[in-house]
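First the structure, in the form of C-alpha cells, and then the observations on it.
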Amino acid sequence: MLENAFLIPLVPAVSFVLILALGRRLPRGGSEIGVAALALVFVLSVGVGIGWVQRVNHPPEAPHATEAEEVAAAGPAAAEEPGEPGEEEHHETPPVVRTVTWFQSGGHEFTVGTMVDGLAAIMLLVVSIVSLLVHVYSTDYVAGDRRYTHFFAFLSLFTASMLMFVLTQSTLQLIVGWELVGLCSFVLIGHWWEEKPNSDAAVKAFLTNRVGDVGLLVGMIVLYFAADNSFDIIRINEMANAGEIRHLLLLVASCCLMAAVMSKSGQFILHTWLPDAMAGPTPVSALIHAATMVVAGVYMIARLYGVFWNGLSIGTSTLNLMAVIGAVTVVFGALLAFVQNDIKKVLAYSTISQLGYMVMALGVGAWTAGIFHLFTHAFFKACLFLGAGSLSHAVHSFDMVRDMGGMRRTMPTTYKTFLVGTLALMGLFPLAGFWSKDEILAGASQLGGEGGYRLMLVMGLIGALMTCAYMTRVLWYVFWGQPRGAAAMHTPHESGARITAPLVILAGLAVVAGFANLPDTGVFSFVPENLALRFEHFVEPTAAYFPGATDEAFGHPEFSITIALATLVLAAVAIGLAYAWFWRGAGPHGIATRNPAARAGYRLLENKYYLDHLYTGVVAGGTKGPLARATYWVDQHVIDGVVNLVGTASRRGGQWVYDNVDQRVVDTIVNGSGATAEGSGQLLRRQQTGKVQAYGAYLFAGATILAGIFVFIASAS
Amino acid sequence: MNDLLDDWGLTAAVFLPMVGAVVMLAIPRTEEALHKVIALVSSLAVLGVVVALIAEFDFDRTRTLQYEVDHSWIEVINSRYILGVDGIALPLLALTALIVPLVVIYSWNHFPEPHNPKAFLILTLVLETGMVGTFLAQDLILFFVFFELVLLPMYFMIGVWGGEQRQYASIKFFLFTLFGSALMIVSFLALYFLSPEVVVDGVARHTFDIRELTDWGGEGLARTTALFVFGGMFMGFGIKVPLFPFHTWLPDAHTQAPTQGSVILAAVLLKLGTYGFVRIAIPILPEAAEEWAPWIGLLAVIGIIYGALGCLAQTDMKRLIAFSSVAHMGYVMLGIATLTDFGVNAAIFGMVAHGLITGMLFFIAGSVKERYHTLEIKRLGGMLLQAPRMGWILGFACMASLGLPGLAGFWGEFPAILSAYNPGGDLDPALFRVYMVVAAIGTIFAAGYLLWLLQRVAFGTPKEEFSGERIHDLHLTDYLAWAPMLLLIVVLGVYPNLIFRVTDGAVIESLAAVGGG
C-alpha cells in the first residue's frame, strides 16, 4: 500500500467526477458515492498507516551515508529499494517515494508522485477520518439543500486535493495541492452564493490566500534554484540540512513561505479571512476550516522542516519569525474569541489561536509537539464545529447570545460531546489537548539552549488561560441559563443519528488521541516503553531530510510536571473566573460601557483590531477604486491620447498638404493641365478619406525608403 | 500517404481554407446553409491535415523543421516559399486549426448583424490561411505576407460586424498594426542586405531564409545596427502582442469586434507577435536580444500590473477580458525576456493556454451579450440561477484564467515567473528578480479582477430588469464549440508535458546562441 498511495487521492477525485456526472439521477443525490469513496479512502489510509508502522518496526536496511547521497542524486525513486542487509544497527526509516514524469523543460524532467512517511501517514488518517465523518454528518445536515449534489461533489474534490497535497513529493506539486484546496474552500464558503455576504467571504478568503501565495511562489522558486533546479522535497531538505545551500537563501525562502503559512493557516495578520469563512455550511467549517485545510501551512513547515530549521536558525536561543508569529497568534486570536456572539466565530478564533500553538511549536523546534497538536486538535475542533452545527440544526441560528441557552436539557448528546470537545480544547487532564498542549509548552521552556523561548512559554500559558475562559463562556451561553430567542420559541430536539454518531466518535477520539504520545519520563516513568511516545516514534522522520537526524541541536522536550500543574491551575482559575462572572453574576459587568479605557479595548476587539477596515477598505478599496480608475484615466487620456493625437495630426497634415501643396502650389504650377492635378489630388484625397489600402501603400513605400536609408547608413558605418 | 503529407501537408494546411473561400465566392449568398457547410468542411479539413501532421510528427526530433518544403518564389529578391514546422510552431498550428472550426460551429445560428454569413465565413477562412501561414513560414517575406494577410479580414470583421464604435476601432487596429509592420519590414530588409550572401543554385545571393539567417545569428553586425534592426522587429511584434504601451488598440478592437472576431483575435492573433519574437527576432539577433531583454521584461511586468489595474476599472465585461489579455501576455513576454529555455517554454505554453482560456471567456461574453443584450457588469448578476451551465463555465474559465494549478493557465504563468529568478545570457539577475516579485504580485490582481467579475456576474440574484426574463442556457452549438476547449484546458493543466515535451527541444535549439539555461 505504501507504494500505491497514489490511489488514495484518486478515489475521491473519481468520486468528484462521478457525482457531478450522475449525482442528480441517484436516489440520494450523489452523497452515496461520496460516502462510499471516503469509506474506501479511510480503509486505504489505515492500510498505509499499518504499512508504515511495519516499516518502522522492520526498517529496510538504509544505505550507507555515501550511498544515501548517491540515492538522492539518482532521484528519490531509488530510495524505495531496500539496500543490502548491513552489519550495524539502523534506526533510519526512509520514506517510500514513487514518481512519474510530469513534464520536461530546459532538458530537465520534473516528476509528480507520492512520498509516504510517518508525517504523511498520520495526515492521511486525520484527513480521511474527519472527512468521512463530515460526509456522513452532511447527508443529514445539508439534506434538502438547493445544491446538495454540488456540495458533495466539492467535498470530494476537496478531499482529493487535500490528500494529494499531503502525499506531495515535490514543492511544485505542493503548490498545486495548496491552490486546489484553496479553490474548494472558495467554492464551499460561497456555497450559498445568492447572498452577498457569503460570496464576499469566499472572495475574501481566496484573495487573502493569494497574498500569501505570492510568498509561496517566490519561496519555492528560491528553493528550486538553491537546490540546483529541483522541486524534490527530500533533496531540498537534505541539501539544507547538509549546509549545501547558503543560509541567506534559506532565510529568504523561509520568510517568504511564512507569508504563505500566515494566510493559509490563519496566522496573524493574514487571518482575517478565516472567521468570515464561517459563512459556509458548518460541515465545511469543521472539515476545511478547522481540521484539515487550515493546517496545510503547518504541514508545509513540517514537510520542509530542513529549510525552516536552518533558515530561521530554530534550535538556537535567538527568537525567530515563526515562533513569534505563532505566539502572537495564540494570544491575539484568543482575545477576539471573547467578543463574538456567533458560536462558529468563537470556534474560528479559537482555531486561529490553536494554529498559533502549532506554528509556535514548530518555531521553537518542538516538531513532534506541533504535529501532535495538529493531530489532536483536528478531532476535538471538528467535534466542536459539528456540535455547533447540530445546535443550529435545532434552532436555525448560530447566535448563542440571542437564540440559545439551557440546551443541555434538550440536546443531551450534543451537549455531552460538545463538553468533551471543550474540555479537550481547554487541555484538561487526561483529554487529548492536555498532552499536546503541554508538550508544546514544555518545548518552549526546554528547547533553544539557555533560557529557552520564555516569551513563547508565557504567551502559550496566557493562551491556555484565555482558551479556558472563552470556552466556559460558550458553555454558559449555549447550555446553561434560560432558553432565549429561537431556543425558547420552539423546543429544540436532539439531532438524528447521522449527526450524533460522528459527534460521539469525534468526542471519543478527543478523549483517547492524547494517549498516542504518552510521556515516559518524570511522573510518567511507569509507562512501559512500547506504549510511550508512540507518536514520536512513528511519525517523526528519521532520515537525512529531517533535521532531527542530522543536527545535534534538535531536541525533544520532556514532560514537565511543573508546566502541567501550572496549566491546570491556570485552567482552574480561568474556569473559576468565568463561572463567577456568568453563573454568579459577579465582577464588574458592564464595565465596557462605563470605563473609557475598557470601552476602547472592547471597541478594538469588536472591530477585530481594525484589520478588516485596513484590508477591505484601504487596500482593496484603494486598488479597486482610485488606483484602478487613475490607471485607466491615464490609459485613455495619456497613452491613447498620444495615439489619437498621432492619428489626428497625420490627418490634419494630409489635409494641409492637400490644401496648401496640392491645391495651391501644384495646382498653380500646372494650372491648365487638369489631368495631372486631379491625379495627385486623388492620391492625397484617398489618404485622408481613410482608405486603408492607401495608408498601407504609403507605409509600405515609406518603409522601403527608410530601409534603403538605413542600409546605407549601416553599410557606411 | 506519408509522401503526400511530407510534400503537401503544410501547403494543404495553409491553403485549404483559401480553397473553401474561393468555392464560396462562386455560390450566391442566399445559399446560407451551403456556405456554412463549406466553411465548416474546409476548416475541419485543415484540422484533419494538422492531426495527420501531428500523428506523423517525429517527436524525438522536435528541434528540427519537419515537413519542409522549399521552392523558389520571388526570384528577383530571392524570396522563397519555405514552410516547415518544429516543436515551437506545432502547438500554435494545432491551436489555430482547432479554434477556427469551433468559431464556425459557434457562429452557426448566431451571425452578428448585418448577418451575411457568406462574407463573414469567407473572411474567417482567409484569416485562417494567414494565421496558419505565419506559423509555418520560414522565409521573412513569406512570413510578412501572411502576417499582413491577417489584418484585412480582421479589419473588415470589426469594421462591418462590430459594435457601435466599429469604425474607430477597426481603423485604429489596422493602422496601429500596420505602423509596427512597416518598421518590421524595414528590419527584414536590413537583415536581407546585411547578412552574408548564401549560395543558391550555384549563385551567391542575399536571402530571406529564416533558417540561414538563424545560422548566421547576426555575426559581425555592428552593435548599434543590430539594436536598431531588433528594434524594428520589436515594434512590429510588440504592437501585435501587445506590449505596454502599445496596447491601446486592443481593448477597442476587442470590445467592438463581434464575438467570433474577439475569440480569434485573443486566441491566435496576439500570438503572432510573441511567436515572431521566439521564431525570428531572438534566434536571428541573439546579442541584440540580450540587450533588449531587460526593457522587454520591464514593459512586460508593467503590462502585468497595469493591465490588471485597467481590468479593475472596467464596467464592461468584454472590455475587462480584453484588458486581462494585456496582463496575461505580459507573463508570456516576461518568459521570453528571460531568454531561458524554461521561460520560453512557459511562454509558448502560455500562448496556447491564453488562447484557449481567453478565447473561452470571449465566447461566454458573446453569449451573455446575446442573451442579456448588455455586457455592463452592474446590470448583470445571478447568472448561475438563470443560466447555471453558462455560469459554471464562466467560473471555470475565470479560475483557469487566474492561473489555478491543475488548469492550463498555471503552466504559462508560474514557470515564467520562476525563470525570471535566473535569467539567461548575461542578463542581470537582480533586475529580473524584481520583475519576478512584481509578476508574482500580479497574480493577486488577476485573482482580484476575475473573482470580482465572477461575483458580480454569476453570484447573487438577477437584477430586477432581468428577473422575469427567461434566459436560455447553452445551445447545442455552444456545447460543440466549447467542449473541446474546456477539455483541453483541463487536460493540459493536468498533464503539461503534452506541450512541454514538444516545445522543449526546439526552444533549447533556438536559444543555443544566447547560452540561456
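Among the candidates B:I77, B:I82, the residue that is modelled with pLDDT under 90, closer than 30 Å to B:V203 by Cα, out of contact with any Cys (no Cβ under 8 Å at 6 or more places or on another chain) and not hydroxyl-bearing (S, T, Y) is uniquely B:I77. Tell me, which residue of segment A:523-563 that is assigned to a loop (DSSP other than H, G, I, E, B) and among the charged types (D, E, K, R) is surrounded by the most Cβ atoms within 10 Å (Cβ to Cβ)? Step by step, filter segment A:523-563, then rank; the result is A:E540. With the requirement that a residue be within 7 Å of chain B (Cβ to nearest Cβ) and of a type in the set (A, V, I, L, M), what does segment A:196-215 give you? Hits for segment A:196-215 are A:V203, A:L207, A:V211, A:V214. Under the condition of being more than 20 Å from B:G350 (Cβ to Cβ) and either touching a His at 6+ places or on another chain (Cβ under 6 Å) or within 12 Å of another protein chain (Cβ to nearest Cβ) (or both), the residues counted in segment B:282-315 number 5.
Out of curiosity, is A:L157 of a type in the set (A, V, I, L, M, F, W, C), closer than 17 Å to A:S265 by Cα and surrounded by fewer than 24 Cβ atoms within 10 Å (Cβ to Cβ)? Outline the logic, then answer.
Working: of a type in the set (A, V, I, L, M, F, W, C): yes; closer than 17 Å to A:S265 by Cα: no; surrounded by fewer than 24 Cβ atoms within 10 Å (Cβ to Cβ): yes.
For A:L157, the condition - of a type in the set (A, V, I, L, M, F, W, C), closer than 17 Å to A:S265 by Cα and surrounded by fewer than 24 Cβ atoms within 10 Å (Cβ to Cβ) - is not met.
Looking at this structure, is B:A483 more than 8 Å from every other protein chain (Cβ to nearest Cβ), free of Cβ contacts under 8 Å to residues at least 12 places away in the same chain and not in a helix (DSSP H, G or I)?
Numbers: more than 8 Å from every other protein chain (Cβ to nearest Cβ): yes; free of Cβ contacts under 8 Å to residues at least 12 places away in the same chain: yes; not in a helix (DSSP H, G or I): no.
No; evaluated as a whole, the condition is false for this residue.
Within segment A:511-563, the set of residues being within 25 Å of A:A382 (Cα to Cα) and of a type in the set (F, W, Y) comprises A:F515, A:F535, A:F538.
Does B:A416 fit the bill of being surrounded by 24 or more Cβ atoms within 10 Å (Cβ to Cβ), within 24 Å of B:T477 (Cα to Cα) and within 14 Å of chain A (Cβ to nearest Cβ)?
On the way: surrounded by 24 or more Cβ atoms within 10 Å (Cβ to Cβ): yes; within 24 Å of B:T477 (Cα to Cα): no; within 14 Å of chain A (Cβ to nearest Cβ): yes.
When the stated conditions are applied, B:A416 does not pass them.
Name the residue, out of B:V332, B:V434, B:V368, that is within 13 Å of chain A (Cβ to nearest Cβ) and β-branched (V, I, T). Reasoning before the result, please.
Numbers: B:V332 fails: within 13 Å of chain A (Cβ to nearest Cβ); B:V368 fails: within 13 Å of chain A (Cβ to nearest Cβ).
Checking each option against the conditions leaves just B:V434.
Can A:L251 be described as surrounded by fewer than 22 Cβ atoms within 10 Å (Cβ to Cβ), touching a residue at least 24 places away in the same chain (Cβ under 8 Å), in contact with a helix residue (DSSP H, G or I) (Cβ under 6 Å, 6 or more places away or on another chain) and more than 22 Å from B:A439 (Cβ to Cβ)? Yes.
One line per residue, one yes/no per condition, for (1) within 30 Å of A:L431 (Cα to Cα); (2) surrounded by 12 or more Cβ atoms within 10 Å (Cβ to Cβ); (3) not polar (S, T, N, Q):
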{"residue": "A:I575", "(1), (2), (3)": "yes, yes, yes"}
{"residue": "A:A586", "(1), (2), (3)": "yes, no, yes"}
{"residue": "A:H589", "(1), (2), (3)": "no, no, yes"}
{"residue": "A:T593", "(1), (2), (3)": "no, no, no"}
{"residue": "A:A598", "(1), (2), (3)": "no, yes, yes"}
{"residue": "A:Y602", "(1), (2), (3)": "no, yes, yes"}
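List the helices (runs of 4 or more DSSP H) that sit entirely inside segment B:217-272 and contain at least 2 residues that are within 12 Å of another protein chain (Cβ to nearest Cβ) and farther than 25 Å from B:F120 by Cα.
Output list reads B:223-240.
Would segment B:494-513 turn up any residue that is at pLDDT 85 or above, at the interface with chain A (Cβ under 9 Å from one of its Cβ atoms) and farther than 27 Å from B:Q138 by Cα? Checking segment B:494-513: at least one residue is at pLDDT 85 or above, at the interface with chain A (Cβ under 9 Å from one of its Cβ atoms) and farther than 27 Å from B:Q138 by Cα. With the condition kept exactly as written, say whether any residue in segment B:432-451 is modelled with pLDDT of 90 or more and in a loop (DSSP other than H, G, I, E, B). Scanning segment B:432-451 turns up no residue that is modelled with pLDDT of 90 or more and in a loop (DSSP other than H, G, I, E, B).
Is it true that B:T374 is within 23 Å of B:Y106 (Cβ to Cβ) and not in a helix (DSSP H, G or I)? Answer is yes for this residue. When segment B:157-213 is limited to residues that are away from chain A (no Cβ under 14 Å) and in a helix (DSSP H, G or I), the one that is surrounded by the fewest Cβ atoms within 10 Å (Cβ to Cβ) turns out to be B:R211. Of the candidates B:M351, B:M383, B:M360, the single residue that is buried (at least 24 other Cβ atoms within 10 Å of the Cβ), closer than 19 Å to B:G460 by Cβ and either more than 9 Å from every other protein chain (Cβ to nearest Cβ) or among the aromatic types (F, W, Y) (or both) is B:M383.
Out of B:L140, B:L149, report the one residue that is surrounded by fewer than 21 Cβ atoms within 10 Å (Cβ to Cβ) and either within 21 Å of the chain's Cα centre (by Cα) or at pLDDT below 90 (or both).
B:L149
Only one of the numbered conditions (1) away from chain B (no Cβ under 11 Å); (2) closer than 21 Å to A:F308 by Cβ; (3) out of contact with any Pro (no Cβ under 7 Å at 6 or more places or on another chain); (4) not β-branched (V, I, T) is violated by A:L223, and that is (1).
Yes or no, residue by residue, for (1) among the hydroxyl-bearing types (S, T, Y); (2) within 12 Å of chain B (Cβ to nearest Cβ); (3) farther than 30 Å from A:S445 by Cα:
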position: A:A571; (1), (2), (3): no, no, no
position: A:A574; (1), (2), (3): no, no, no
position: A:A578; (1), (2), (3): no, no, no
position: A:G587; (1), (2), (3): no, no, yes
position: A:G590; (1), (2), (3): no, no, yes
position: A:G622; (1), (2), (3): no, yes, yes
position: A:L627; (1), (2), (3): no, yes, yes
position: A:Y632; (1), (2), (3): yes, yes, yes
position: A:H637; (1), (2), (3): no, yes, yes
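Determine whether A:V642 is within 14 Å of chain B (Cβ to nearest Cβ), of a type outside the set (S, T, N, Q) and either in contact (Cβ under 8 Å) with a residue 12 or more places away in the chain or surrounded by fewer than 16 Cβ atoms within 10 Å (Cβ to Cβ) (or both). Considered against the rule, which asks whether it is within 14 Å of chain B (Cβ to nearest Cβ), of a type outside the set (S, T, N, Q) and either in contact (Cβ under 8 Å) with a residue 12 or more places away in the chain or surrounded by fewer than 16 Cβ atoms within 10 Å (Cβ to Cβ) (or both), A:V642 comes out as yes. Kindly evaluate A:P27 against the criterion of being modelled with pLDDT under 85, closer than 20 Å to A:F151 by Cα and not β-branched (V, I, T). Taking the combined requirement at face value, the residue satisfies it.
Yes or no, residue by residue, for (1) part of a loop (DSSP other than H, G, I, E, B); (2) in contact with a Leu (Cβ under 9 Å, 6 or more places away or on another chain); (3) at pLDDT below 85:
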position	(1), (2), (3)
A:M456	no, yes, no
A:Y477	no, no, no
A:P483	yes, no, yes
A:H493	yes, no, yes
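Determine which member of the set A:N237, A:N229 is more than 8 Å from chain B (Cβ to nearest Cβ) and assigned to a loop (DSSP other than H, G, I, E, B).
Numbers: A:N237 fails: assigned to a loop (DSSP other than H, G, I, E, B).
Just a single option satisfies the conditions, and that option is A:N229.
Condition check ((1) over 18 Å from the mean Cα position of the chain (by Cα); (2) surrounded by 24 or more Cβ atoms within 10 Å (Cβ to Cβ)) across all residues:
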position: A:S353; (1), (2): no, yes
position: A:G356; (1), (2): no, yes
position: A:A361; (1), (2): no, yes
position: A:A369; (1), (2): yes, yes
position: A:H377; (1), (2): no, yes
position: A:M400; (1), (2): yes, yes
position: A:T410; (1), (2): yes, no
position: A:F418; (1), (2): yes, yes
position: A:A432; (1), (2): yes, yes
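Among the residues here, A:A513 qualifies as part of a helix (DSSP H, G or I), in the same structural domain as A:G548 (by TED's automatic domain parsing) and modelled with pLDDT under 90.
Regarding segment A:293-310, can at least one residue be identified that is farther than 26 Å from A:E606 by Cβ, of a type outside the set (A, V, I, L, M, F, W, C) and part of a loop (DSSP other than H, G, I, E, B)?
Restricting attention to segment A:293-310, the residues satisfying the condition of being farther than 26 Å from A:E606 by Cβ are A:293, A:295-310.
Subsequent filtering for residues that are of a type outside the set (A, V, I, L, M, F, W, C) retains A:297, A:299, A:303, A:305-306, A:310.
If we keep only those that are part of a loop (DSSP other than H, G, I, E, B) as well, we get none.
No, every residue in segment A:293-310 fails to be farther than 26 Å from A:E606 by Cβ, of a type outside the set (A, V, I, L, M, F, W, C) and part of a loop (DSSP other than H, G, I, E, B).
The values are calculated or read from the model by the stated rules, or taken from the named source; none is laboratory data. All figures in this text were calculated on a predicted structure; none of them were measured in a lab. We place every Cβ from the backbone using ideal geometry, glycine too, and count neighbours over all the protein chains shown.
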